[in-house]
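Novice: The structure under discussion is supplied below as structure tokens; questions concerning it will follow.
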Amino acid sequence: DLEKHLQGGGILDLGCGPGNTANELAVNSYTTYVGVDISEAALAKARKRSDENGRAGKNSFACSDFLGYLPTQKFDVILFRESMYHVPLAKVKPILDHFSKYLKDGGVFVVRMNTTDGKGNHKPRLAAIMGVMEADFDVVEKNQYGESGPTVIVFRPQVAAGEGLSRGSERQTHA
């Protein structure tokens, strides 16, 4: 699913932990991977796994609180895999607006998080975070995996009136 949005390009993984995404993606599905995590111990594991998998040349890692991270390039996908939990509700839109500047044209955010408690009951704060994404961005797709599984939402910045149709014309929504 992630690979379809990557289209062989670059991915920024915010809150990458021990490098699961960096080492689970098909090796030919991306050219650049940058993982950011606050834990140097997790990043050491991620670097070791990348070396063992022959990906050291395309996977790089930065030790930083991702909320304040400043990328040095633009990406096709910016991933928050189980890391949006760490963003205070009031900062969700500002953080996404900040990182929007680092998306290539047509690029997307991918957020994966469990919005239920495992028994099918919605967690209000996480539902509110999802609501911000749905209200303030253009949703490309959204999937709930099982009643107690994760929700994955793919979205991009809204095209402002007067901006070209290049990004907006590709827009599709699946509620």
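Novice: Using the Kirkwood radius over C-alpha pairs as Rh, can you work out the diffusion coefficient of the chain via Stokes-Einstein at 37 °C, viscosity 0.692 mPa s, in µm² per second? Before the final figure, lay out the partial values.
Specialist: On the way: Rh = 16.6 Å.
Answer from the Stokes-Einstein relation: 197 µm²/s.
Novice: Can you list residues whose amide H is under 5 Å from Phe61's amide H, if they're 5+ apart or on another chain and H is modeled 1.01 Å from N?
Specialist: The list, which skips near neighbours in sequence, is Gly35.
Novice: Separate question: In the neighborhood of Ser64, defined by Cβ-to-Cβ distances under 11 Å, what is the net charge if each Lys or Arg adds +1 and each Asp or Glu adds -1?
Specialist: Result for the neighbourhood of Ser64: -3.
Novice: Follow-up. Report the longest stretch of the chain that contains none of the trypsin sites (Lys or Arg not before Pro) sitting in a DSSP loop with at most 12 other Cβ atoms within 10 Å.
Specialist: 1-100
Novice: Got the relative contact order for segment 14-98 handy, in percent, Cα pairs under 8 Å and 6 or more residues apart? It would help to have the intermediate numbers written out before the result.
Specialist: Details: 99 pairs, mean separation 28.5, N = 85.
Reported relative contact order: 34 percent.
Novice: Let me ask another. For the chain, what does the accessible surface come to per residue with a 1.4 Å probe? Please give it in Å².
Specialist: Per residue, the chain has 49 Å² of solvent-accessible surface.
Novice: Here is a follow-up. Which longest uninterrupted range of the chain lacks any GluC sites (Glu not before Pro) assigned by DSSP to a loop state (not H, G, I, E or B) and surrounded by at most 16 other Cβ atoms within 10 Å? Present the calculation step by step, with values, prior to reporting the outcome.
Specialist: Values: sites that count: Glu82, Glu147, Glu163, Glu170.
By the stated rule (loop sites, at most 16 other Cβ atoms within 10 Å), 1-81.
Novice: Separation of segment 2-67 and segment 128-161 by C-alpha centroid, Å?
Specialist: Their Cα centres are 23 Å away from one another.
Novice: Under the definition of Cα pairs under 8 Å and six or more residues apart, what whole-number percent is the relative contact order of segment 13-164?
Specialist: 19
Novice: On to the next question. Could you work out the mean projected area of the convex hull around the alpha carbons of segment 1-43, in square nanometres to one decimal?
Specialist: 2.7
The values are calculated or read from the model by the stated rules, or taken from the named source; none is laboratory data. Since we're looking at a predicted model, the values are computed, not measured. Cβ atoms come from the backbone with ideal geometry, glycine included; neighbour counts cover every protein chain shown. Surface areas here come from the heavy atoms of the whole protein model, side chains and all, with no ligands, DNA or RNA. Shrake-Rupley method; radii C 1.70, N 1.55, O 1.52, S 1.80 Å.
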